[in-house]
Amino acid sequence: MSRLRKFLLMLVLLLVGLNLLYFEDPWLWRRYVQTLMQLTGDAPQLLTPSEPVTGDGSYRLPVAEQDQRTISRQALQSAEDFAARFDSYALIVLHKGTIQTEWYADGWDETRLTQSQSMHKSLLAILIGTAIEAGIIGSIEDPIGRYIPEWDEDPRGDITLRELMMMSSGLAQYTFTLNPFTDDFRWLYSGDTKPVVLRTPMADWSPGKRFDYNNINAELLGMVIEGASGQRYADYLEQHLWAPLGGDTARVWLDSEFGKAFTSCCLMATARDWARVGQLMLNKGRINDQRIVTAGWIDRMVAQSPVSMWYGLQTWLAYPEKANPRSLKSAAGGAYRRTEPFLAHDVYYFSGRGAQRVYVVPSYDLVIVRLGPALGPQPLKSGWDNAFLVNSMIRGIDQRTARARAAARQQMIKAQTPVEQIIGRPPHAPTPRTDDRPGAWAD
């Protein structure tokens, strides 16, 4: 056989092998190419395939007129400038339930979906609360094997919902790799991710003993919701949160057409929808004239866990003045660094890669949404300050309040009336005379 024939035969065999490999899991290989494209910044921002979470957009957040804003214009401008400096797509600030500013980068508007990354995890916590209140989940102390049949008789099935939600499952971590033949890559990029997630081994420590942020925990929580409800995840999300919220239509990323939903990341929704969710949290579970989840459950979500003062149930906390240790992790991309402590000690937030944020500050009746680039090796520019938006708005509220109080005092001074007309005459005081002598009093 000539060299040319050998070469052509090898080429044919190689092409046949590649075709067999591709059609065994086409979504894996499509995503592999997209991942390589992300390294150059050329990948699409929205992920496919996806499933709609239908909303009618019926709940409209009120918008403050310029002369009715309760945050200073200077503070709002500084927030918009900060958002623009970090290539943000959207910024919405609400104070007392009213939009103070709604800013979009060129090419973006209130109808465009953005990637949420790990902010999706906090929605899972809300959904677990609705499932407990509906009676389809017993409590967060239930073992997950009760809802995931594959782990019913597996030691991993003894992990509780609470341990998953506070990021203390004791499960091993998958690390990022570009090797498509490993579970480290396939848990997120395969066209059939469920078997990979269920192959996750235990780590060398017991559940409930330490904080270890792990995406697999949220993937398992999505399986719990489907197992408890008997519904597809997107249908449950729509019925129990999105439709009552009055939101716009969102989309859940799937591993394949009609496949498993990714629940550790990547819900695609508008900035206004995240503002609605933030207001729901601020209102302790109420929005659009409906109670979606109890106030007690919201309180539980944002209470410090036994294993981390910076984390509750699928929700980040900014209560301590001490900096979050995640600010030191290179994998976080600088998204948790701050130049000063938060000015309020009740700040909590949804957080996603690239500094996707929904900040909630109950003491100031404040919600802030920031959305921006999420994909690629470094979606967030260096220099991000995690406290800037919150602290700027708090200072803007304080400035506006101080000016309003000063104006009110000045108005009182200008309209000052005799003291006895303001506070009344002292008891048993003599009645003023009707003659015009200064200081004269009748007996």
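The values are calculated or read from the model by the stated rules, or taken from the named source; none is laboratory data. Bear in mind that the values here come from a model prediction, so they are computed numbers and not experimental data. Every residue, glycine among them, receives a Cβ derived from its backbone with ideal geometry; neighbour counts consider all protein chains shown.
Every condition in (1) within 26 Å of Arg60 (Cα to Cα); (2) touching a Pro at 6+ places or on another chain (Cβ under 9 Å); (3) among the hydroxyl-bearing types (Ser, Thr, Tyr) holds for Thr270 except the one numbered (2).
Please find, among Gly439, Gly354, Gly383, Gly424, the residue that is at positive phi, at pLDDT 95 or above and either of a type in the set (Val, Ile, Thr) or surrounded by fewer than 17 Cβ atoms within 10 Å (Cβ to Cβ) (or both).
Gly383
This table checks each residue for (1) over 30 Å from Asp204 (Cα atoms); (2) assigned by TED's automatic domain parsing to the domain that holds Val358; (3) assigned to a helix (DSSP H, G or I); (4) modelled with pLDDT of 95 or more.
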{"position": "Ala83", "(1), (2), (3), (4)": "yes, yes, yes, yes"}
{"position": "Leu124", "(1), (2), (3), (4)": "no, yes, yes, yes"}
{"position": "Ser139", "(1), (2), (3), (4)": "no, yes, no, yes"}
{"position": "Gly145", "(1), (2), (3), (4)": "no, yes, yes, yes"}
{"position": "Leu164", "(1), (2), (3), (4)": "no, yes, yes, yes"}
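Selection of the stretch 85-111 for residues being touching a residue at least 40 places away in the same chain (Cβ under 8 Å) and in a loop (DSSP other than H, G, I, E, B) yields Phe86, Asp87, Ser88, Tyr89, Lys96, Gly97, Glu110, Thr111. One residue alone among Ala323, Ala303 is surrounded by fewer than 20 Cβ atoms within 10 Å (Cβ to Cβ), at pLDDT below 95 and part of a loop (DSSP other than H, G, I, E, B), and that residue is Ala323.
Taking the options Ala243, Ala271, Ala261, name whichever one is in the same structural domain as Leu91 (by TED's automatic domain parsing), under 23 Å from Ser351 (Cβ atoms) and in contact with a Gly (Cβ under 7 Å, 6 or more places away or on another chain). Exactly one of Ala243, Ala271, Ala261 is in the same structural domain as Leu91 (by TED's automatic domain parsing), under 23 Å from Ser351 (Cβ atoms) and in contact with a Gly (Cβ under 7 Å, 6 or more places away or on another chain), namely Ala261. If you go through the stretch 228-252 and keep only what is surrounded by fewer than 22 Cβ atoms within 10 Å (Cβ to Cβ) and assigned to a strand (DSSP E or B), you end up with just Arg251. Only one entry of Ala275, Ala295, Ala269 meets the criterion of being free of Cβ contacts under 8 Å to residues at least 40 places away in the same chain and closer than 25 Å to Pro362 by Cα, and that entry is Ala295. Screening the candidates Ala275, Ala261, Ala295 for the property of being aliphatic (A, V, I, L, M), farther than 30 Å from Gly107 by Cα and either at pLDDT 95 or above or surrounded by fewer than 22 Cβ atoms within 10 Å (Cβ to Cβ) (or both) yields one hit, Ala295.
Starting from residues that are part of a loop (DSSP other than H, G, I, E, B) and out of contact with any Phe, Trp or Tyr (no Cβ under 8 Å at 6 or more places or on another chain), keep the ones in the stretch 177-194 and report whichever is modelled with the lowest pLDDT. Looking at the filtered set, the residue picked out is Phe181. When Ser330 is tested against (1) at negative phi; (2) crowded, with 17+ Cβ neighbours inside 10 Å; (3) free of Cβ contacts under 8 Å to residues at least 60 places away in the same chain, just one condition goes unmet, and that condition is (2). Against the list (1) free of Cβ contacts under 8 Å to residues at least 40 places away in the same chain; (2) crowded, with 17+ Cβ neighbours inside 10 Å; (3) more than 27 Å from Asp25 (Cβ to Cβ), the condition Ala125 fails is (1). The selection criterion, being part of a loop (DSSP other than H, G, I, E, B) and β-branched (Val, Ile, Thr), does not hold for Ile225. Answer yes or no as to whether Gly334 is over 20 Å from the mean Cα position of the chain (by Cα) and either part of a helix (DSSP H, G or I) or modelled with pLDDT under 95 (or both). So Gly334 does not fit the description; no. The set of residues in the stretch 107-145 being β-branched (Val, Ile, Thr) and more than 22 Å from the chain's Cα centre (by Cα) consists of Ile136, Ile137, Ile144. Exactly one condition in (1) part of a loop (DSSP other than H, G, I, E, B); (2) within 19 Å of the chain's Cα centre (by Cα); (3) of a type in the set (Asp, Glu) is not met by Asp204; state its number. Here Asp204 meets the rest and fails (2).
Working carefully through the options Pro430, Pro418, Pro377, Pro362, find the one that is loosely packed, with under 12 Cβ neighbours inside 10 Å and at pLDDT 80 or above.
Pro377
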